[in-house]
Amino acid sequence: MHQHPFSMFLKQLNILNFKNYEESSLEFSPRINCFAGNNGVGKTNILDAIHYLSLTKSYFNPVDTQNINYSKDFFVLEGKYVLDGVAENVFCGVQRNQGKKFKRNDKEYGKISEHIGLIPVVMISPGDSELILGGSEMRRRYIDSVISQYNRHYLEQLIRYNHVLQQRNSYLKMAAKSGIFDTTMIEMFDMQLIKCGEYIFEERKIFFSRLQPVFDQYYEFLSGGAELVQLKYESALFIESFADLLAHSIEKDKILQYTTSGIHKDDLSMEIYGLPIKKNGSQGQQKTLLVALKLAQYQFIHQIRSLYPILLLDDIFDKLDEKRVRQIITVVSELQNGQIFITDTHPQRLKGILAELEVDNKVYFIENNLFTTI
């Protein structure tokens, strides 16, 4: 057993035709890396490339081919990592009309999803407000993406569940068209849904019970302990068994021609003083909640995996004032093995914070797709 947490960092990133970059190669500090430059120079795209190499997709744009540099036919991302002293190379290639390839140390994955969890990553970005303002699908996707980074079986069950759900929905549509309804078929789908769904429900419950206390600490730390904020996992499975749930909604399912209940309807409610923060929280409170949630996720993955995820802080000053940002960077930099990437429009502001911390760091200034170390 290691006496220290496992260390993991990205040493080098090679980019070819990804978003606004045609060809770039960057070397990083194992601790803190910053990208400064005006809006629109592509600072966030570097963070997104790092996210891609961890979670096999963009944080911002789910359509792979839309991340290819506009005049080209493919993009390639290559990350050279050090995982507990051992070199790990990750390759990601996307070609128009050809799909996506992922390789680890030159060996291609059978299924791309097998790569998820090797290099955990946490992104904090201005776009996160969608977690509060958007629909429940955004929040479910968030929960699933966190759990999948430390639990391979969960990801497999989730893929399976969604597959069966699609089949059940297609069957309901077909039965409505033909007017012939085969109960045995539905029972077969239900059995599979229940098996996967109950496992997913249990894992989500465990996740929330462990996340909440860590979240509370971070929220208090960031807000100065002022408000009462709560995360709540909402699922119909708290009220009745999945089998009963499906039995009770079958008539409704037949009419609407899709599966109206199940864990694919679960949600995460975020409340301030028992009221939805979406309507009752100020922008500052909402931003604080999101940062606390992501930092709790960061700490939580570390507790389970005993390695610190790579932390990506995109335009963090948009969310918090300088004092809070300094607090976060201080907290994370005190962790012996965490690697952080930060973007900001003011290089001097970052330099100021870093000057106070005696931590290895690298600051890049970006202009016209060129990187200069400052």
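In the stretch 339-356, the condition of being surrounded by fewer than 19 Cβ atoms within 10 Å (Cβ to Cβ) and closer than 16 Å to Val291 by Cβ is met by no residue. A Cβ distance below 8 Å, combined with a sequence gap of six or more or placement on separate chains, defines the contacts here; from the stretch 20-31, residues that are more than 18 Å from Asn45 (Cβ to Cβ) reach residues that are assigned to a strand (DSSP E or B) and among the charged types (D, E, K, R) in the pairs Ser29/Lys362; Pro30/Lys11.
Filtering the stretch 322-354 to residues that are under 25 Å from Glu367 (Cα atoms) and among the polar types (S, T, N, Q) leaves Gln339, Thr343, Thr345, Gln348. Scanning the stretch 133-160 for residues that are over 15 Å from the mean Cα position of the chain (by Cα) and of a type in the set (A, V, I, L, M) returns Leu133, Leu158, Ile159.
Annotation note: of Asn69, Asn105, Asn38, the sole residue that is among the polar types (S, T, N, Q) and crowded, with 17+ Cβ neighbours inside 10 Å is Asn69.
Within the option set Lys101, Lys72, being more than 19 Å from Phe6 (Cβ to Cβ), at pLDDT below 95, of a type outside the set (Gly, Ala, Ser) and touching a Cys at 6+ places or on another chain (Cβ under 8 Å) holds for one residue only, Lys101. Looking at Ser129, Ser125, just one residue is under 27 Å from Met270 (Cα atoms), small (Gly, Ala, Ser) and crowded, with 19+ Cβ neighbours inside 10 Å, and that residue is Ser125.
Against the condition surrounded by 22 or more Cβ atoms within 10 Å (Cβ to Cβ), out of contact with any helix residue (DSSP H, G or I) (no Cβ under 8 Å at 6 or more places or on another chain) and either within 22 Å of Leu211 (Cβ to Cβ) or of a type in the set (A, V, I, L, M, F, W, C) (or both), how does Leu289 come out, does it pass? Considered against the rule, which asks whether it is surrounded by 22 or more Cβ atoms within 10 Å (Cβ to Cβ), out of contact with any helix residue (DSSP H, G or I) (no Cβ under 8 Å at 6 or more places or on another chain) and either within 22 Å of Leu211 (Cβ to Cβ) or of a type in the set (A, V, I, L, M, F, W, C) (or both), Leu289 comes out as no. In the stretch 248-270, is there at least one residue being surrounded by fewer than 14 Cβ atoms within 10 Å (Cβ to Cβ), touching a residue at least 24 places away in the same chain (Cβ under 8 Å), more than 16 Å from Phe181 (Cβ to Cβ) and not acidic (Asp, Glu)? There is no residue in the stretch 248-270 that is surrounded by fewer than 14 Cβ atoms within 10 Å (Cβ to Cβ), touching a residue at least 24 places away in the same chain (Cβ under 8 Å), more than 16 Å from Phe181 (Cβ to Cβ) and not acidic (Asp, Glu).
Restricting attention to the stretch 221-247 and to residues that are among the hydrophobic types (A, V, I, L, M, F, W, C) and not in a helix (DSSP H, G or I), the residue that is surrounded by the fewest Cβ atoms within 10 Å (Cβ to Cβ) turns out to be Ile239.
Filtering the stretch 222-274 to residues that are polar (S, T, N, Q) and under 26 Å from the mean Cα position of the chain (by Cα) leaves Ser223, Gln230, Ser235, Ser261, Ser269. Of the helices (runs of 4 or more DSSP H) contained entirely in the stretch 249-340, those carrying at least 1 residues that are small (Gly, Ala, Ser) and assigned by TED's automatic domain parsing to the domain that holds Ser178 fall at 283-305. Candidates Lys57, Lys43: the one that is surrounded by 13 or more Cβ atoms within 10 Å (Cβ to Cβ), without any contact (Cβ under 8 Å) to a residue 12 or more places away in the chain and closer than 23 Å to Ile316 by Cβ is Lys57.
Of all residues in the stretch 306-314, none are charged (D, E, K, R) and more than 18 Å from the chain's Cα centre (by Cα).
Taken as a whole, the condition of being of a type outside the set (A, V, I, L, M) and at pLDDT 90 or above does not apply to Asp84. Selection over the stretch 292-338 of residues that are buried (at least 23 other Cβ atoms within 10 Å of the Cβ) and polar (S, T, N, Q) gives a count of 1. Of all the residues in the stretch 1-20, those that are in contact with a helix residue (DSSP H, G or I) (Cβ under 9 Å, 6 or more places away or on another chain), crowded, with 19+ Cβ neighbours inside 10 Å and outside any loop (DSSP other than H, G, I, E, B) number 4.
The values are calculated or read from the model by the stated rules, or taken from the named source; none is laboratory data. The shown structure was predicted, so the numbers you read here are calculated from the model rather than taken from an experiment. Every residue, glycine as well, gets a Cβ built from its backbone with ideal geometry; the counts of neighbours run over all protein chains shown.
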